[in-house]
Amino acid sequence: THPYETILVERTGRTATLTLNRPKALNALNLQVMTEVVAATEELDRDPDIGCIIITGSAKAFAAGADIKEMRPQSYMDMYLSDWFTAWDRLGALRTPTVAAVAGHALGGGCELAMLCDILLAADTAVFGQPEIKLGVIPGIGGSQRLTRAVGKAKAMELCLTGRTMDATEAERAGLVSRVVPATDLLTEARTVAGQVAAMSAPVAMMAKEAVNRAFETTLAEGVRFERRLFHAVFATADQKEGMTAFVEKRAAEFTHR
Ligand code: CO8
């Protein structure tokens with residue numbers, strides 16, 4: 001009944017957990033993994049009963065990068081004509097909020113995959129980096145752009161030019177991850193956070209995500225205008241009435257995702 005070979009998908013209430021499952025290659029992201037992650041997350045994105053998607057790996061590796069053995073023989077024309085890695089953009093384009101729960105290696109494409117998610121939680125064992133330069137290549141799934149926006153030029157340049165990695169503490173200090181938790185608590189914490197997000201109004205959570213993401217694409221004035229339009233729009237939802245009424249009546253809101 002499970003159509004995928006390199007990932008596991010599990011649903012708990014309104015939360016789905018996608019686990020990368022290619023242990024022999026430390027979850028290296030080959031084309032099959034990309035195709036399966038994108039197909040599975042797009043299916044979850046279309047499901048009105050799912051309000052948040054967790055992406056995680058193993059205790060040892062979130063993902064040790066794009067698959068070096070698969071890339072090694074490729075030519076420029078192979079890369080260009082197949083538009084190598086472009087499908088990963090679809091993960092960043094999901095409307096449903098996503099949480100990356102990262103333990104162990106998150107290197108190269110693994111770090112880029114984590115940065116494609118909306119909330120980034122790290123175990124104290126997590127290690128982040130863009131070591132592509134050591135292989136004679138550069139990041140190819142947005143690492144040079146998203147890492148720079150997340151941690152600033154100083155650290156991004158050093159990481160991309162030397163290939164050095166940073167541990168969870170440094171990643172949190174630099175603003176790459178929202179929180180560091182003990183490795184044994186990582187999935188529990190991720191499920192708690194995802195459960196909180198999934199309990200919110202789904203359309204309003206989508207708008208909040210869209211508004212925050214807008215900050216990376218536009219000027220402050222345009223971003224504020226964009227936010228204002230969405231802010232006005234949430235007053236068209238039943239969930240705005242429910243949320244504010246529940247507050248006034250001193251009870252928990254029960255959103256209908258409408
Ligand atoms: N690709 C393929 N196989 C991998 C990868 C990978 N990225 N990472 C690990 N593996 C494999 C190893 O080859 C090994 O397989 P085997 O047992 O068959 O030899 C197995 O996983 C276990 O790995 P190790 O024995 O190396 O495990 P260690 O615990 O000794 O080391 C490390 C763990 C430090 C994570 C080490 O595996 C490592 O350095 N991996 C590579 C990390 C890396 O360089 N990642 C960046 C890859 S490039 C990238 O992500 C983006 C490229 C963008 C290209 C743009 C194109 C458009």
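Every condition in (1) surrounded by 18 or more Cβ atoms within 10 Å (Cβ to Cβ); (2) of a type in the set (Phe, Trp, Tyr); (3) more than 16 Å from the ligand (Cβ to nearest atom) is met by PHE216 except one, and the failing one is (1).
Yes or no, residue by residue, for (1) on the phi < 0 side of the Ramachandran plot; (2) outside any helix (DSSP H, G or I); (3) open to solvent by less than 30 Å² (accessible area, probe 1.4 Å):
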{"residue": "CYS160", "(1), (2), (3)": "yes, no, yes"}
{"residue": "GLU170", "(1), (2), (3)": "yes, no, yes"}
{"residue": "VAL177", "(1), (2), (3)": "yes, yes, yes"}
{"residue": "GLU189", "(1), (2), (3)": "yes, no, no"}
{"residue": "VAL193", "(1), (2), (3)": "yes, no, yes"}
{"residue": "VAL204", "(1), (2), (3)": "yes, no, no"}
{"residue": "MET207", "(1), (2), (3)": "yes, no, no"}
{"residue": "GLU222", "(1), (2), (3)": "yes, no, no"}
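Go through (1) away from the ligand (no atom under 16 Å from the Cβ); (2) open to solvent by less than 50 Å² (accessible area, probe 1.4 Å); (3) over 17 Å from the mean Cα position of the chain (by Cα) and name the single condition VAL9 misses. If we test VAL9 against (1) away from the ligand (no atom under 16 Å from the Cβ); (2) open to solvent by less than 50 Å² (accessible area, probe 1.4 Å); (3) over 17 Å from the mean Cα position of the chain (by Cα), just (3) comes out false. Identify all residues within the range 234-258 that are open to solvent by less than 40 Å² (accessible area, probe 1.4 Å), assigned to a helix (DSSP H, G or I) and closer than 27 Å to GLY92 by Cα; write none if there are none. Listed by number, the residues that qualify are VAL234, ASP239, GLN240.
Do the conditions hold for ARG164, that is, is it open to solvent by 30 Å² or more (accessible area, probe 1.4 Å), part of a helix (DSSP H, G or I), on the phi < 0 side of the Ramachandran plot and not hydrophobic (A, V, I, L, M, F, W, C)? Spelling it out, it is not the case that ARG164 is open to solvent by 30 Å² or more (accessible area, probe 1.4 Å), part of a helix (DSSP H, G or I), on the phi < 0 side of the Ramachandran plot and not hydrophobic (A, V, I, L, M, F, W, C).
Which residues, taken from the range 39-86, are buried (at least 17 other Cβ atoms within 10 Å of the Cβ), aliphatic (A, V, I, L, M) and within 30 Å of SER201 (Cβ to Cβ)?
First, the residues of the range 39-86 that are buried (at least 17 other Cβ atoms within 10 Å of the Cβ): 40-41, 44-45, 50-58, 61-67, 71, 84-85.
From what's left, aliphatic (A, V, I, L, M): 40, 44, 50, 53-55, 61, 63-64, 66, 71.
Answer for the range 39-86, where residues must be buried (at least 17 other Cβ atoms within 10 Å of the Cβ), aliphatic (A, V, I, L, M) and within 30 Å of SER201 (Cβ to Cβ): ALA40, LEU44, ILE50, ILE53, ILE54, ILE55.
Taking the range 224-233, which residues are open to solvent by less than 90 Å² (accessible area, probe 1.4 Å) and out of contact with any Ser or Thr (no Cβ under 9 Å at 6 or more places or on another chain)? If the condition is that a residue be open to solvent by less than 90 Å² (accessible area, probe 1.4 Å) and out of contact with any Ser or Thr (no Cβ under 9 Å at 6 or more places or on another chain), then VAL224, LEU230, ALA233 are the ones that fit. Every residue in the range 223-246 that is free of Cβ contacts under 8 Å to residues at least 24 places away in the same chain and touching a helix residue (DSSP H, G or I) at 6+ places or on another chain (Cβ under 8 Å), please. Hits for the range 223-246 are GLY223, PHE226, GLU227, LEU230. For PHE128, are the conditions met, namely being open to solvent by less than 50 Å² (accessible area, probe 1.4 Å), within 14 Å of the ligand (Cβ to nearest atom), assigned to a strand (DSSP E or B) and closer than 21 Å to ASN213 by Cβ? When the stated conditions are applied, PHE128 passes them.
The test for being closer than 18 Å to GLY92 by Cβ and either free of Cβ contacts under 8 Å to residues at least 24 places away in the same chain or open to solvent by less than 90 Å² (accessible area, probe 1.4 Å) (or both) holds for VAL197.
Here is the figure for the range 133-158: residues that are within 12 Å of the ligand (Cβ to nearest atom) and closer than 26 Å to ILE54 by Cα total 6.
Does at least one position in the range 38-56 carry a residue that is in contact with a strand residue (DSSP E or B) (Cβ under 8 Å, 6 or more places away or on another chain) and either at pLDDT below 95 or farther than 30 Å from HIS257 by Cα (or both)? No, the conditions are met nowhere in the range 38-56.
Residues of the range 12-38 that are within 16 Å of the ligand (Cβ to nearest atom) and exposed (fewer than 15 other Cβ atoms within 10 Å of the Cβ): PRO23, LYS24, THR35.
Pick out, from the range 12-119, the strands (runs of 3 or more DSSP E) lying fully within it that include 2 or more residues that are touching a residue at least 40 places away in the same chain (Cβ under 8 Å), more than 19 Å from GLY143 (Cβ to Cβ) and among the polar types (S, T, N, Q).
Details: elements: 15-20, 52-56, 61-63, 98-102, 105-107.
Filter on the range 12-119 gives 15-20.
The values are calculated or read from the model by the stated rules, or taken from the named source; none is laboratory data. All figures in this text were calculated on a predicted structure; none of them were measured in a lab. A quick note on method: Cβ atoms are made from the backbone with ideal geometry, for glycine too, and the neighbour counts reach across all protein chains shown. Accessible surface areas use protein heavy atoms only, side chains included; no ligands, DNA or RNA. Shrake-Rupley method; radii C 1.70, N 1.55, O 1.52, S 1.80 Å.
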